[in-house]
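Colleague: Below you'll find the structure I mean.
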Amino acid sequence: MNKDALITFFKIRLTIVVMILGVGSIFSRAQSESEQSVRVDEKISITVIYDNYQINPDLTPSWGFSCVIKKPQNNILFDTGGNSSILLDNMQKMAIAASEIDLVVISHIHGDHLGGLNGFLKENNKVKVYIPSSFPNSVREEIKSCGAEYHQVNGSMQICENIYTTGELGIRVKEQSLILDTNKGLVIVTGCAHPGIMEIIKESQQILTDRMIYLVMGGFHLSGVSNLKLADIVKEFRNSSVQKVAPSHCSGDRCRKLFKNEYQADFIESGVDKIFKF
């Protein structure tokens, strides 16, 4: 092969390679845009089914927390309150069947979040239960005895599409919270926030770094703190660009009042039968 033919040959090869890379780049961008559209278009709702605060007087309030997260692909029960009879009765009145639940996530070991699990699993054991890895073996045995599966959570991980756990946080009481990547931004759902509500927010921002926080809801564990500390926490929320807040359960009346004064229309009254849609 002469010199000119050799140059022509390599030019053709180079053109082919560039074309292949270009197609790959286009495909990659299209795939990324497709994945983005899944997040943006997907409808997610959260319904509070167990709380000591009450929205609907026809439902039973009780100390503890539980909510149902509904997605097109699956439904998640986050915490189970302290009493399975109250949990299941509220669900029935709200037309939420136990059989609709695909996954269960338990935030921490305390009975007002774990107490309803056994009764729920007797109604539906076709679920996988995500528990902090620090849970005692007795909880694992109880889940297995009901015929359900469990998954131990240590670090942060994706549970299903657009739903993440912070992983175990805290020292004295280890707890996981959920992060929902919705079309409005991140939604953080806490059980009791024993590790500290601001620590949970900061961890969530580390897990999904490119997303703003639209809503923080659930138990903030602030009923026993001073007004000065509460004011500092409210200020930290604002500095973290949290758009809306819905404290309930163990947050305390003073906490709710301070957040309401600060957030005004962006404060959301939460309790049993509150429904959030994204």
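The values are calculated or read from the model by the stated rules, or taken from the named source; none is laboratory data. These numbers were taken from a predicted model, which means no experiment stands behind them. Glycine gets a Cβ as well: all are built from the backbone with ideal geometry, and neighbour counts include every protein chain shown.
Colleague: May I ask you to list the residues in the stretch 41-59 that are β-branched (Val, Ile, Thr) and crowded, with 18+ Cβ neighbours inside 10 Å? Before you say what the answer is, go through the steps one by one.
Modeller: Filtering the stretch 41-59 for residues β-branched (Val, Ile, Thr) gives 44, 46-49, 55.
Answer for the stretch 41-59, where residues must be β-branched (Val, Ile, Thr) and crowded, with 18+ Cβ neighbours inside 10 Å: Ile44, Ile46, Thr47, Val48, Ile49.
Colleague: Out of the residues in the stretch 195-236 that are crowded, with 21+ Cβ neighbours inside 10 Å and either part of a helix (DSSP H, G or I) or polar (S, T, N, Q) (or both), which is farthest from the chain's Cα centre (by Cα)?
Modeller: Only one residue tops the list, namely Ile197.
Colleague: Give the number of residues within the stretch 206-224 that are touching a residue at least 24 places away in the same chain (Cβ under 8 Å) and either over 14 Å from Leu180 (Cβ atoms) or of a type in the set (Gly, Ala, Ser) (or both). Outline the logic, then answer.
Modeller: Taking the stretch 206-224 first, the residues touching a residue at least 24 places away in the same chain (Cβ under 8 Å) are 207-208, 211-224.
Pick out the ones that are also either over 14 Å from Leu180 (Cβ atoms) or of a type in the set (Gly, Ala, Ser) (or both) and you get 218-224.
Residues flagged as touching a residue at least 24 places away in the same chain (Cβ under 8 Å) and either over 14 Å from Leu180 (Cβ atoms) or of a type in the set (Gly, Ala, Ser) (or both) within the stretch 206-224 amount to 7.
Colleague: For the list (1) under 25 Å from Leu103 (Cβ atoms); (2) crowded, with 19+ Cβ neighbours inside 10 Å; (3) more than 18 Å from the chain's Cα centre (by Cα), I need the number of the one condition that Val173 fails.
Modeller: Condition not satisfied by Val173: (2).
Colleague: Okay, next question. Given (1) surrounded by fewer than 23 Cβ atoms within 10 Å (Cβ to Cβ); (2) touching a residue at least 40 places away in the same chain (Cβ under 8 Å); (3) closer than 23 Å to Asn75 by Cβ, where does Leu178 come up short, assuming only one miss?
Modeller: In the conditions (1) surrounded by fewer than 23 Cβ atoms within 10 Å (Cβ to Cβ); (2) touching a residue at least 40 places away in the same chain (Cβ under 8 Å); (3) closer than 23 Å to Asn75 by Cβ, Leu178 misses (1) alone.
Colleague: Exactly one of (1) in a loop (DSSP other than H, G, I, E, B); (2) free of Cβ contacts under 8 Å to residues at least 24 places away in the same chain; (3) crowded, with 17+ Cβ neighbours inside 10 Å is unmet by Tyr150. Its number?
Modeller: Against the list (1) in a loop (DSSP other than H, G, I, E, B); (2) free of Cβ contacts under 8 Å to residues at least 24 places away in the same chain; (3) crowded, with 17+ Cβ neighbours inside 10 Å, Tyr150 comes up short only on (1).
Colleague: Just one of Leu88, Leu169, Leu121, Leu114 is assigned by TED's automatic domain parsing to the domain that holds Phe237 and either hydroxyl-bearing (Ser, Thr, Tyr) or within 23 Å of Leu215 (Cα to Cα) (or both); which is it? Give the steps one after another, and end with the answer.
Modeller: Numbers: Leu88 fails: either hydroxyl-bearing (Ser, Thr, Tyr) or within 23 Å of Leu215 (Cα to Cα) (or both); Leu121 fails: either hydroxyl-bearing (Ser, Thr, Tyr) or within 23 Å of Leu215 (Cα to Cα) (or both); Leu114 fails: either hydroxyl-bearing (Ser, Thr, Tyr) or within 23 Å of Leu215 (Cα to Cα) (or both).
Among Leu88, Leu169, Leu121, Leu114, only Leu169 is assigned by TED's automatic domain parsing to the domain that holds Phe237 and either hydroxyl-bearing (Ser, Thr, Tyr) or within 23 Å of Leu215 (Cα to Cα) (or both).
Colleague: Within the stretch 132-144, identify whether any single residue is buried (at least 17 other Cβ atoms within 10 Å of the Cβ) and assigned to a strand (DSSP E or B), and answer yes or no.
Modeller: Yes, there is a match, as at least one residue in the stretch 132-144 is buried (at least 17 other Cβ atoms within 10 Å of the Cβ) and assigned to a strand (DSSP E or B).
Colleague: Something else about it: Within the stretch 153-175, which residues are closer than 26 Å to Gln73 by Cβ and not in a strand (DSSP E or B)?
Modeller: Result: Asn154, Gly155, Ser156, Glu161, Asn162, Thr166, Gly167, Glu168.
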